[in-house]
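Note sheet for the following structure.
The values are calculated or read from the model by the stated rules, or taken from the named source; none is laboratory data. Keep in mind the model is a prediction, meaning the values are calculated, not measured. As a convention, Cβ positions derive from the backbone with ideal geometry for all residues, glycine included, and neighbour counts pool all protein chains shown.
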Amino acid sequence: MFSELRKSLSIVLSSALVFAPVLAAQQTPAEGAAPVPPQVLNAHAVFISNGGGSNYFEIFDGGPNRGYNTFYSELKKTGHYELVSSPAQADVIFEIRSIAPAVSGPHDITDYNPQVILTIRDPKSSAVLWTASANVRAIGTKKHRDKDFDQSVAVLVDELAQVTGEPLTTAQAKAIESNSRMSTAAKVFIITAVAGAAAMTAYGIHMIENPPKLTPPPTPSEPGYPYPY
């Protein structure tokens, strides 16, 4: 039993060591990337579709529709596309949706990974031509959360510009890179969970190898024996 517990502790501690460089690593662009569909590159008329959002986004002003409203506003400000009122008029459909999938951690701890997802579709076949996403920070006051949400949508618009070959400013490129990294809260969540698992395993080994000594009850010949009379 001791060897099994030691093995478990070793695995947990090794996981903590593995996470450290992974959390610090930055994404590098893939070599030999496949071409972007010409329909995406040459699109001018765009219909923006509201793909909705989960109830998780009630923590932001505007609720689940905030993603659609913010993306529409940000894309309109670029002046790069003509925003049309029906799919029949569009070269492509931009479907924007907000998701927050649950992420399970050690000890059944559940966290969420909110994101805004842009799916570009062919208006005739509804085939998916391209997909982009941006992480959403959901920390702090509502005002701060709303600001972070809008910044995430702005990153999504910048990613679209990057895909279509538009030049980005240094600030835009930096924002995309920063958004692609794991958030500080997620890092703390993982490291804390791993450290907690290691501590619990170590405590279990200690208690098994050093069990508490039990004091036997007093006998009739010892002082303090509890006589019933």
Discussion item. Tell me yes or no: at least one residue of the range 103-114 is surrounded by fewer than 17 Cβ atoms within 10 Å (Cβ to Cβ) and of a type in the set (Phe, Trp, Tyr).
Written reply: yes
Item to complete: State the number of residues belonging to the range 49-95 that are closer than 23 Å to Asp158 by Cβ, in a helix (DSSP H, G or I) and touching a residue at least 40 places away in the same chain (Cβ under 8 Å).
Response: 8
Fill in: Among residues of the range 123-179, those that are over 19 Å from Ala100 (Cα atoms), of a type in the set (Ser, Thr, Tyr) and surrounded by 17 or more Cβ atoms within 10 Å (Cβ to Cβ), counted
0
Fill in: Extreme residue, surrounded by the fewest Cβ atoms within 10 Å (Cβ to Cβ), among residues of the range 26-40 that are at pLDDT 95 or above and in contact with a helix residue (DSSP H, G or I) (Cβ under 8 Å, 6 or more places away or on another chain)
Val36
Response to the item:
Within the range 127-170, the count of residues that are assigned to a loop (DSSP other than H, G, I, E, B) and within 13 Å of Phe71 (Cα to Cα) comes to 0
Item to complete: Inspect the range 65-74 for any residue being surrounded by fewer than 15 Cβ atoms within 10 Å (Cβ to Cβ), modelled with pLDDT of 95 or more and in contact with a helix residue (DSSP H, G or I) (Cβ under 8 Å, 6 or more places away or on another chain) and give the result as yes or no.
Response: no
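Within the range 105-124, is there a residue that is under 15 Å from the mean Cα position of the chain (by Cα), without any contact (Cβ under 8 Å) to a residue 60 or more places away in the chain and outside any strand (DSSP E or B)?
Taking the range 105-124 first, the residues under 15 Å from the mean Cα position of the chain (by Cα) are 105, 109-117.
Next cut, without any contact (Cβ under 8 Å) to a residue 60 or more places away in the chain only: 110, 112, 114-116.
Applying the additional criterion that residues be outside any strand (DSSP E or B) yields 114.
Yes, because at least one residue in the range 105-124 is under 15 Å from the mean Cα position of the chain (by Cα), without any contact (Cβ under 8 Å) to a residue 60 or more places away in the chain and outside any strand (DSSP E or B).
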Discussion item. So, Thr119, is that one in contact with an Asp or Glu (Cβ under 7 Å, 6 or more places away or on another chain) and among the β-branched types (Val, Ile, Thr) or not?
Written reply: yes
Item to complete: Test Ser98 against the criterion of being in a strand (DSSP E or B), touching a helix residue (DSSP H, G or I) at 6+ places or on another chain (Cβ under 6 Å) and under 21 Å from Asp148 (Cα atoms), and give yes or no.
Response: yes
Practice prompt. Looking only at the range 96-104, decide whether some residue is among the hydroxyl-bearing types (Ser, Thr, Tyr) and over 15 Å from Ala43 (Cβ atoms).
Written response: yes
Worksheet item: Which of the residues spanning the range 116-158 are modelled with pLDDT under 95 and small (Gly, Ala, Ser)?
Response: Ala138, Gly140
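Quick one: is Ala161 of a type outside the set (Val, Ile, Thr) and modelled with pLDDT of 95 or more?
Working: of a type outside the set (Val, Ile, Thr): yes; modelled with pLDDT of 95 or more: yes.
The answer is yes for Ala161.
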Worksheet entry | Odd one out for Glu95, checked against (1) in contact with a Gly (Cβ under 9 Å, 6 or more places away or on another chain); (2) surrounded by fewer than 17 Cβ atoms within 10 Å (Cβ to Cβ); (3) acidic (Asp, Glu) | (2)
